[in-house]
Amino acid sequence: MERSEAQKAADKKYAAKINGKYKPFIVNLTPDELAEIDAIIASSGMKKAEFLRWAVGELKKQNENK
């Protein structure tokens, strides 16, 4: 199904809004690892980005206590 002109305009507006604000964080996991991690994150009520930010904060705390 082709996107409407309104959808294309909204996509363009969104792309301009976030341009340069975010960068992808890419990692290779086995399908089993990904499924387990996704399940744990979902059960915590977090999104992947929220989890990553939380985990980095925890690592910072650990490093400060060394």
Exercise for the section: Tell me which residues, restricted to region 36-48, are surrounded by 11 or more Cβ atoms within 10 Å (Cβ to Cβ) and in a helix (DSSP H, G or I). Expected result: 36, 37, 38, 40, 41, 42, 44, 48
Exercise for the section: Starting from region 41-66, keep only residues that are aliphatic (A, V, I, L, M), then list their pairs with residues that are not in a helix (DSSP H, G or I) whose Cβ atoms are within a distance under 7 Å, requiring at least 6 positions of separation or different chains. Expected result: 52/25
Handout entry: Counted residues, region 14-35 - those being surrounded by 10 or more Cβ atoms within 10 Å (Cβ to Cβ) and modelled with pLDDT of 95 or more
Key = 4
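The values are calculated or read from the model by the stated rules, or taken from the named source; none is laboratory data. Since the structure is predicted, the reported quantities are computational estimates derived from the model, not experimental observations. In this analysis, Cβ positions are derived from the backbone assuming ideal geometry, glycine residues included, and neighbour counts consider all displayed protein chains.
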